[in-house]
Each structure stands twice: as structure tokens, then as C-alpha cells.
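The next block holds one structure in the form of C-alpha cells; read it before the comments.
The values are calculated or read from the model by the stated rules, or taken from the named source; none is laboratory data. None of the values given here were measured: they were computed from a predicted structure. With ideal geometry, Cβ positions are generated from the backbone for all residues, glycine too; neighbour counts draw on all protein chains shown. The accessibility values were calculated without ligands, DNA or RNA, using every heavy atom of the protein model including side chains. Shrake-Rupley method; radii C 1.70, N 1.55, O 1.52, S 1.80 Å.
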Amino acid sequence: MVSIHHLLARLFPPQTQYPDIKVIEAGMILATVYIVYHLTKTKKWGWLWREWLTSVDHKKIGIMYLVAALLMLFRGGVDALMMRTQLALPGGHFMPPEQYDEVFTTHGTIMIFFMAMPFIFALWNMVVPLMIGARDVAYPRVNALSFWLFAVGAALLNISFVVGGSPNAGWTAYPPLTELRFNPGVGINYYLMSLLIAGIGTTMTGINFMVTVLRMRAPGMTLMKMPMFAWTTLVTGALIIFAFPPLTVGLAMTLLDRLFGSHFFTLGHGGMPMQFVNLFWLFGHPEVYIVVLPAFGVFSEVVPVFSGKALYGYSLMVASVLAITILSYGVWVHHFFTMGAGPGVNAFFGVSTMLIAIPTGVKIFNWVLTMWGGRIRLTVAMLWQLAFIPAFMIAGATGVLLATVPVDYQTHNSYFLIAHFHFALIGGTVFGVLSGMYYWWPKAFGYILDEKQGKVAFWLFVIGFFVTFVPQFFLGFEGMTRRMYTYPAGLGWTSLNMISTVGAYLQGAGFLAMVYNIVWSMKHGERDVTGDPWDGRTLEWSLPSPAPEYNFAVIPQVSERDAWWAMKAAGKADAFKAKAAQIQPVHMPKRSAVPFLMAVSFFIGGFGMVFSWWAIVAIGGLGIVASLIYSAFDYDDSEMLDPETIRRTEAKLGRLQA
């Protein structure tokens, strides 16, 4: 009986008993029961297993990433609203300080690792193979495993607040806040295991899409004929490959400190906490460009289409993203100028930070000059791009200001930094991925999101964004520091905090309007019967919406940069339709349960590591090893699609030439 009480106390400590958490827990249970009931009643379990859980189709994996990213945007947004509600008035008592620590930790962690990253991977999966004329990614099973490892990492982090307790050391997880002596709960273990597991999937995704772009382009599509979104995918993959290992090492060393008694970061035993800070930001500043460069790629597709012009300065745009890729590894120390490294080090990283603003700013001119003289269509996707320009210019200007070391000493860890960071990550990444979502939604789902409703969501979100974060620059100047859970009256912060909170709720209303648009458009949205609703320029718009399993019946030949636009302009759009005699058997990967089952094994092992239950860790480890062995000897991992099946599909889609 004592052991049962001890187990329950570990699984459900006091921080999991807050009233709001109990309500959320009840909601999660009811939602799970409903999903199980619905799948059972409609006899959809087999469909779920065949079409989704074991799928290796990049398009379906992209949709799963997108759904997960929207769910995580909701979860992270709720955390943000909780924080803003707490800070709306001085002496707030909406939640206790311990819960506030957990909320700001999970907010940052979810938004960076489990919202921004999967949103980007959703767009990569839905679009990149179609855009470059490929039938799939280079490693389909690895792609599926990457998604399921991300899903497992997200699940581990999200169950922490109801089982065991959430992490509470901030999304950067600096020691000694993460050391066992000062933080004995399991929340930090959840943080470490979730990011380690998801990081494996992210690294594999970076490798997979680099190889896909480099080796699977259509004949004739040279590097300098690739769409810009493919270029940003390529360089972002390179950034991932070199940025995530330092993070993995830092997280693993912290885990060793906590679970096995090592002292990598324990100052009293010869460890060095600043070493973790260096490892984290060796990852952390390339990570800023990992999540922003794909948004630049989105805008480089959206602006030409809705301006009716080719992208201005394509070669200069390519050079600028390559320059950002290289320079992004030389700026990480600007995150901790105040550590006392000395004027020489600080001056070097201050100058390098200013330098990286140059290629970043170049792209603004590329997009503006593309729009100049064009026939601009103010679709929702284009509106997100137009909102991005002022937001990211503010982010860039304040970033250069923070790169000035004496200024950084005054504003470090203040709300000025919070505002700058959110202008970069929301104004850059979130605006970018939402633009891409509206733009490519018809290609993934076969229907168009309602434009009027989309514009309502856009204006609510964008107005709310500026109302939220502009006041925070002034709060920073007035001395308000980050991670404060309350503040006394009389400091002059109340009005600015209240305005910021109102803005946050406006953003929440914008998100709800967007979700309503998605749900409404499922039934009532305009169907994309042409495959090219926007009069696009790149190869994905030459296909029906959604694209068939094999993407291209015949791999296209490319001779121009905007291949589809050039074919339409020459009156040869039908050349992309296959002739019956041209269709040959198509080699496609088979669906596989291995990625899903291996990820389940990672979940079991990760959960065991969180609580130091070594028998459960062993079970998970055996599952991982068994999955690897089975996969290594499974040679029946592909199949040939019969030409007649492809001909029937193409004929049904109206794409078969006589």
C-alpha cells in the first residue's frame, strides 16, 4: 500500500493538481474517449492504420505535421494567454509563481520546437517533392520515422503537466536551474527526453530533404533553376545537420548530470554552467534562421505569383541565403554579451551580428522590387507577406540595436528583448508559414480556404500582434524584466501590460477565426478543379489537387526556372499531361509499421528515463533494437505501380493525352 501511495505521489505531485490542469485533464480524457468511440462506431481503425499510421507518403506525412503544428500553436497560445492574463494588472493572482514558471517554460519550448519546426516540415513534405518534379523524398521510411519521433517528443512534453509535473527552468534550460539539487522533480527530465527524441527526427529530416533536393530534381532542373523554396529547404537542411548536434550534446550531458551523478555543469564539482550556454546557443542562433529561412522561401514563391512577375534578383537571393547560412554560425555569443568574455569577443560577435543583417535585408528589396510594377492580388497569402515586411524590419532594426554591446548590457533579459524576439519569430516565421499554409492548402486538400474569412483572421491576428508586442519595447525601456510573474503598482507598467494583454486576446481571436475557416471550408469551400487556382509558376501547380500517390505519371523535363509558368506562356501546358504510351511502371515505397512502432518504443523508453524506471527503459530499448533489426532485413520495402492503374487514374483526372 505504501508503494502505491509513493507511486501516485510521483505521478501526480501537487503541481499537477491545479484546478485548470484538472479541467484540461478531464477534457483530454473525454476527447480520447470520443475519438475511440467514433473510430469504433465508424469502423475506421483499419483505415487509420493503413492510410495514416503506416503511411510513408510524403503528402500525408505533411498533413500530419500540419495538424500537429496547429494543435501545438493552440497549446502554446493558451500558455501565452495565461501569462498575459497574469500580468494584465499589478499583483496578479491568476496563477501561483510555480505554475507561471512552468507555463513560460512550456510556451517557449512548444512554440520553437513543436510548433515552428513541424509547421516548416509540413510545408516541406507537402510541396518540395512536387516542386522539384520528384515522386517522393529520398528516404520515405526515414521521413515517416522523423514525424513519429517528433510526435513522441511532443507527447512526452505535453503529458508532463498532468503526469509528473511540467519543466520549469525556461525554454533555454540553463544550469544550475536544471541541476538535480535545485530542481528535483521530473519536469526537466521530460524536457530533456522530449527534445532529445524529437531532435533525432529533426536531424533525419534535415538530411532527408537535403538529399531529396540535391539528388531527386527533375531532368534539366539545375540548382540555379530551382524554386527559391527548394533553395531555402536545402540550406535549412544544412543548418539543421550542423546546429542540432551541439544541442543534443548539451541536453545529453544535462541528463547525465541528473540521472547518473555526473557533474558537467555542476560548478561546485568542477563543472562549467557556461559551457551549456555556449552549446545551447551554438544551436540556438542557427535555429533562428532554421525557422526563418523557410519563411523567406515561402514569400519568394508567393510574391511572384500574386504580383504576376518573376522574382527580382534571383541570383542575389540565392547568394543571400547562402551568406546567411554561413554567417549564422558566427553570432551565437550575442545572446550572452553580459557573461564577461571581454571587449574583444563581444566586439567580434557584435560586428558579425550586424553583418548578417545585410543579406537578410537584401531579400526585402527583392520582394519589394518584384511587386513594383506588378499586378498585385491581395489574397490572404499575400497579405501575410505584406504584414511580414514591417514586422521583420522592426525585428532587424532592434536586432542591430541589441548587437551594440553597451545597449545590450542595458536591455539584456528585459521586455525589449522579448518584443524583439517575438517580432522575429512571429513576424517572420509564423507569418511565413501561415502565408504558405493558405497558398498551398488547395494543393494538399483539394479545396480553397475562404478568402473573406481568412482576411478576418488575418486582421485580428496582425492587429493583435502589434498591440501585444509594441508596448513591450517600452516596458523593457522602463525596466520590466522577463520571467516576472507579478509586479507592484506604481511602476508605470500597468497600462502597457493591459494593452499587451488585450492584443494577445485579439491574436487568440484571430487563431479561432482561422480554425473556423478551416472547418467551414471543409464542407463549403471552393473545390480546386484545375490544380492551379492561383495561376502558379512552379511544377506543383501542374498537378491535380491533391496530387495522386505517385505525383507525376511521367517525370517532367525542365528547361526554365519557373517551368510551369514558361509552359503556360508558350501555350504548351498540355505537354505536362502524359500520353498513354509514355507511362511506365512506377517504383514506389510500401507502407510500413516500423516507423510508428519504433517511435512507440522510443516513447516507452523515454517515459522510463523520465522516472528512472529502468525495466521500462529496457523494454523500450528492446523495441527500438527489434525495429532496427527487422527493418535492416526487410527487403520487401517497395512495389511497382502497374502502368494500367496509372493510366486509369490519369484518365479519371482528365490528364491523359489522346
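Roughly how many Å² of L311 are accessible to a 1.4 Å probe, to the nearest 10?
Rounded to the nearest 10, the figure is 30 Å².
Jot down the radius of gyration and Dmax of segment 327-435, Cα atoms only, both in angstrom.
So, for segment 327-435, Rg and Dmax equal 16.0, 53 Å respectively.
For a protection proxy built on the mean count of beta-carbon atoms within 10 angstrom, sort 297-307, 350-360 highest first, please.
Going by the mean number of other Cβ atoms within 10 Å, highest first, we get 297-307, 350-360.
From the P(r) of segment 518-566, can you give the percent of Cα pairs sitting at distances over 14 Å?
Everything past 14 Å amounts to 59 percent.
State the answer as a single residue: which of V302, A397, S166 lies farthest towards the positive end of the charge dipole of the chain, with beta carbon charges of +1 for Lys and Arg and -1 for Asp and Glu, about the Cα centre.
Projecting each Cα onto the dipole axis, the largest value belongs to V302.
Separation between the I326 and A632 pseudo-spin-labels, each 7 Å from Cα along Cα→Cβ, expressed in nm?
Result for the modelled spin labels: 4.0 nm.
How much length would be gained if the chain were fully extended between L267 and V249, taking 0.36 nm per residue of separation minus their Cα-Cα distance, in nm to one decimal?
Taking 0.36 nm per residue and subtracting the Cα distance, the gain is 4.6 nm.
Return the calculated 222 nm mean residue ellipticity for the chain, to the nearest 500 deg cm²/dmol, obtained by summing -39500 (n - 2.57) across DSSP H runs with n ≥ 4 and dividing by the residue count.
-22000 deg cm²/dmol
At 7 Å along Cα-to-Cβ for each site, give me the label-to-label distance between E478 and T32 in nm.
Once both label points are built, they end up 4.5 nm from each other.
Return, ordered by residue number, the residues of segment 172-211 whose backbone nitrogen is under 19 Å from a label point located 7 Å along Cα→Cβ of Q17.
Label zone hits: 184-187.
I'd like the chymotrypsin sites (Phe, Trp or Tyr not before Pro) in segment 369-430 restricted to DSSP loop residues with at most 14 other Cβ atoms within 10 Å, sorted by number.
W372
What angle, in degrees between 0 and 90 and rounded to the nearest 10, separates the Cα long axis of helix 415-424 from the longest principal axis of the Cα atoms of the chain?
Here the helix axis deviates by roughly 10 degrees.
How large is log10 of I(q)/I(0) for segment 107-200 at q = 0.13, 0.14 Å⁻¹ when the intensity is taken from the Debye formula with one equal scatterer per alpha-carbon?
So the normalised log intensities work out to -0.52, -0.58.
Along the charge dipole of the chain, Cβ charges K/R +1 and D/E -1, which of L282, G479, Q410 sits furthest on the positive end?
Going by the charge dipole, the pick is L282.
Once Lys and Arg get +1 and Asp and Glu get -1 on their Cβ, which of M83, Y139, T106 lies farthest toward the positive end of the dipole of segment 57-166?
So the residue we want is Y139.
Note down, for segment 524-658, the three equivalent ellipsoid semi-axes (square root of 5 times each alpha carbon gyration tensor eigenvalue), biggest first, whole angstrom.
So the equivalent ellipsoid measures 44, 19, 13 Å along its semi-axes.
For E639, which sequence-distant residues (separation of 5 or more, or a different chain) have an amide H within less than 5 Å of its own amide H, given hydrogens modelled in the peptide plane?
Amide H neighbours of E639: M588, K590.
Could you list log10 I(q)/I(0) for segment 179-309 at q = 0.15 Å⁻¹, which the Debye formula gives when each Cα is one point scatterer?
Results for segment 179-309 at q = 0.15 Å⁻¹ read -0.79.
Spelling out what I want: for every residue of segment 302-309, take phi, set θ = phi - 60°, compute 6.51 cos²θ - 1.76 cosθ + 1.60 (Karplus), and round to whole Hz; glycine and proline get x.
Working through the residues one at a time gives 5, 4, x, 5, 8, 10, x, 9 Hz.
Say R0 is 30 Å: what FRET efficiency, to the nearest 0.05, do N278 and F365 get from their beta-carbon distance?
E between N278 and F365, to the nearest 0.05, is 0.30.
For segment 60-70, take each phi angle, set θ = phi - 60°, evaluate the Karplus expression 6.51 cos²θ - 1.76 cosθ + 1.60, and give the result in whole Hz per residue in order, putting x for glycine and proline.
6, 5, x, 5, 5, 4, 5, 4, 4, 5, 5
Fully extended, how many nm does the chain gain between E51 and S559 (0.36 nm per residue separation, minus their Cα-Cα distance)?
179.3 nm
Heavy atoms only, probe 1.4 angstrom, no DNA, RNA or ligands counted: give me R181, R527, R647 ranked by accessible area, highest first.
R181, R527, R647
Using θ = phi - 60° and the Karplus form 6.51 cos²θ - 1.76 cosθ + 1.60, what ³J(HN,Hα) does each residue of segment 329-337 get, whole Hz, x for Gly and Pro?
With the stated coefficients, segment 329-337 comes to 8, x, 10, 5, 6, 5, 7, 8, 3 Hz.
Quote the FRET efficiency, to the nearest 0.05, computed for F182 versus V519 with a Förster distance R0 of 41 Å and r equal to the Cβ-Cβ distance.
E(calc), rounded to 0.05, equals 0.35.
Would you pull out the residues with amide H under 5 Å of S414's amide H, same chain only if 5 or more places away, H placed 1.01 Å from N?
Amide H neighbours of S414, under 5 Å, 5+ apart: R482.
Given Cα positions, please report Rg to Rh for segment 250-317, the hydrodynamic radius being the Kirkwood one.
Result: Rg/Rh = 1.39.
Which of K309/K579; K309/K363; K363/K572; K452/K523; K225/K652 have a Cα-Cα distance over 21 Å?
K309/K579; K363/K572; K225/K652
For segment 1-154, what is the charge dipole size about the Cα centre, in debye to the nearest 20, if Lys and Arg each add +1 at the Cβ and Asp and Glu each add -1 at the Cβ?
In debye, rounded to 20, segment 1-154 gives about 680.
P(r) of segment 391-542 in 10 Å steps, Cα pairs, percent per bin?
11, 31, 27, 17, 11, 3, 0
Let me know the charge dipole size of segment 574-657 about its Cα centre in debye, to the nearest 20, where only the beta-carbon of Lys, Arg (+1) and Asp, Glu (-1) is charged.
About 360 debye.
State the extension gain, in nm to one decimal, for the chain segment bounded by Q584 and N413, taking 0.36 nm per residue of separation less the distance between their alpha-carbons.
Contour length minus Cα-Cα distance gives 55.5 nm.
Suppose every Lys and Arg Cβ carries +1 and every Asp and Glu Cβ carries -1, with no other charges. What dipole size does the chain come out with about its Cα centre, to the nearest 20 debye?
1180
Kirkwood Rh and Cα-based Rg: tell me the resulting Rg over Rh for the chain, rounded to two decimals.
0.96
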